[in-house]
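A short write-up of the structure that comes next.
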Amino acid sequence: MRKFVFALLFIASTLMATAGGFQVNLQGQKQTGMGHTGTGLALGPSSLFFNPGAFSLVDSNAVYLGASFIMANTLYLEPSPGIYTTETKKGLGTPFTFYSAFRLKPENKWNIGIGVYTPFGSGIAYEDNWLGQAVLREMSLKTIFIQPTFSYRVNDKLGVGIGYVFGTGSFLLRKAVPAQDANGNFGEGELSGNATGHGFNIGVHYQATEALSVGVSYRSGVKVSTDDGEANFTVASSLTEFFPSTSFSTEIALPKVVNFGLGYQLNEKTLLAFDLNYIGWSSYDTLSFDFAQNTDKLDDINSPREYNNVFIFRLGGQYQLNEKATVRLGAYYDLTPVDDPYITPETPDANKLGITAGASYRFSNSLNVDLSFLYLEGEERTAINSETEFGGTWKANAIIPGIGVQYSF
């Protein structure tokens, strides 16, 4: 039973800490089509997220609304000599973005705007009676970051900007209790809650030459916390005293992200981009939960996790077909922060390769529509979790189309 409680809490904390498999890199359809590059570019209101310094180059009032549609699949094979296999239930994730930019007067050197986006979030569900039901049946995570931003164009070459970030989110987890009632049914535990936190996003954009632009941005870590998470258990009557419905509090430090980007205008129609992201996952070094009510089998948790800082390498480009149409291609390689002892069914994370494509069409001076497509392939990975002693081989992929609409005025 202690292993059950520990596993339940570990999964919930992973949701709040948004491990590598739950970082959503879909913050702009133009950028997504180019391998999600954008730190060294000025590509409209979405620069508010990628580099607040480049946001100063947005030369018109504009609003942008975008959405992506995540169709992911994860295959599982139990450790040898077992032959059991399964896959996750089909589902649809729908992260969205909203950005706005206001210069107010054409002669102003500054822009203001607000962004609302989903930088972390996902969902995964297995059949309730699958082999690992005592570790996980279902998980969902939803986060929304709200970022008011101010950006200032110092001169023709240099722009700087800063945004305040308010983060809010919710999570839900279900898993089986490995004990049967008189009818042979397994019990179930469910954790749910909401969490909030604060941070900032700061950036500098520099036009080094007529062709070369350079960008650096820093998204701070965000400490998300909750004091009223809910833990509910449905168990055999003989166990109810050990698993009372109760509340809990916790605080998790989401990682900082340091970004470096280059943009290069190869010719009049061709733009190339390179981004390097450094994600400070080492902030997730300890799992801690404080329950309002403890029992002999429900203790508070303080346990090391020791995630690693990692890089993401991105490359992309766009080609302007004519005055109205633009096409894009890109790719990126995302290193996992999760060591083998911490692999779990809701974060069977692995190094991932993303291949992207996109297109834009300008219907008028005011209306522009962007399309993007991402295919994400994770490496096959075999590992056993050191706490739950559950593991196997996982293989995951995802198909993610997206659409965005920009209206300028």
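The values are calculated or read from the model by the stated rules, or taken from the named source; none is laboratory data. The structure displayed is predicted, hence computed values, not measured ones. When we count neighbours, we look across all protein chains shown, and the Cβ atoms used for this are built from the backbone with ideal geometry, even at glycine. Remember, those area values only see protein heavy atoms, side chains included, never the ligands or the DNA or RNA. Shrake-Rupley method; radii C 1.70, N 1.55, O 1.52, S 1.80 Å.
Rounded to a whole number, what % of the accessible area of region 183-228 do carbon and sulfur atoms account for, probe 1.4 Å?
52 percent
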Would any residue of region 350-384 have its amide N under 17 Å from a label point 7 Å out along Cα→Cβ of Val405? List them or say none.
360-372
Pairwise label distance in nanometres, Glu379 with Glu230, each label 7 Å out on the Cα-Cβ vector
4.1 nm
Karplus (6.51, -1.76, 1.60) ³J(HN,Hα), θ = phi - 60°, over region 54-66, in Hz, Gly and Pro reported as x
5, 4, 5, 8, 5, 9, 8, 5, 7, 10, 9, 10, x
0 to 90° range, to nearest 10: angle between helix 2-17 axis and the chain longest Cα axis:
10 degrees
Applying 1/(1 + (r/R0)^6) with R0 = 45 Å to the Cβ-Cβ distance of Glu87 and Asn155, what FRET efficiency is obtained, to the nearest 0.05?
0.25
Can you list the HN-Hα couplings for region 240-252, worked out from phi with the Karplus curve (6.51, -1.76, 1.60; θ = phi - 60°), rounded to whole Hz and with x for Gly and Pro?
4, 5, 8, 10, x, 5, 8, 10, 8, 10, 7, 9, 10
Which residues in region 37-81 place their backbone N less than 17 Å from a point set 7 Å from the Cα of Leu276 along the Cα-to-Cβ direction?
37-41
Distance between the C-alpha centers of region 247-297 and region 21-60? Whole Å please.
17 Å
Using a 1.4 angstrom probe on heavy atoms only, work out the carbon and sulfur share of the accessible area of region 121-160 in %.
57 percent
Name the long-range amide H neighbours of Asn385: under 5 Å, sequence gap of 5 or more, or other chain; modelled H, no Pro or chain starts.
Phe390, Gly391
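Within region 38-147, which GluC sites (Glu not before Pro) sit in a loop by DSSP and count at most 10 neighbouring Cβ atoms inside 10 Å?
Details: sites: Glu87, Glu107, Glu127, Glu138; in loops: Glu107, Glu127.
Within region 38-147, the qualifying GluC sites (Glu not before Pro) (loop, at most 10 other Cβ atoms within 10 Å) are Glu107.
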Gain in span if fully extended, Ser237 to Ser288, counting 0.36 nm per residue against the direct Cα distance:
15.5 nm
So if we plug the beta-carbon distance of Glu389 and Leu65 into 1/(1 + (r/R0)^6) with R0 = 41 Å, what FRET efficiency do we get, rounded to 0.05?
0.35
Rolling a 1.4 Å sphere over the protein heavy atoms, what is the accessible area per residue of the chain, to the nearest Å²?
42 Å²
Portion, in percent, of the accessible area of region 269-331 that falls on carbon or sulfur, probe 1.4 Å
54 percent
Longest site-free stretch - the chain; sites: trypsin sites (Lys or Arg not before Pro), DSSP loop, at most 16 other Cβ within 10 Å:
158-268
If you take the beta carbon distance between Tyr361 and Asn309 as r and set R0 to 41 Å, what does 1/(1 + (r/R0)^6) give as a FRET efficiency, to the nearest 0.05?
0.55
Roughly how many nanometres apart are two label points built 7 Å out from the Cα toward the Cβ at Leu266 and Ser220?
4.0 nm
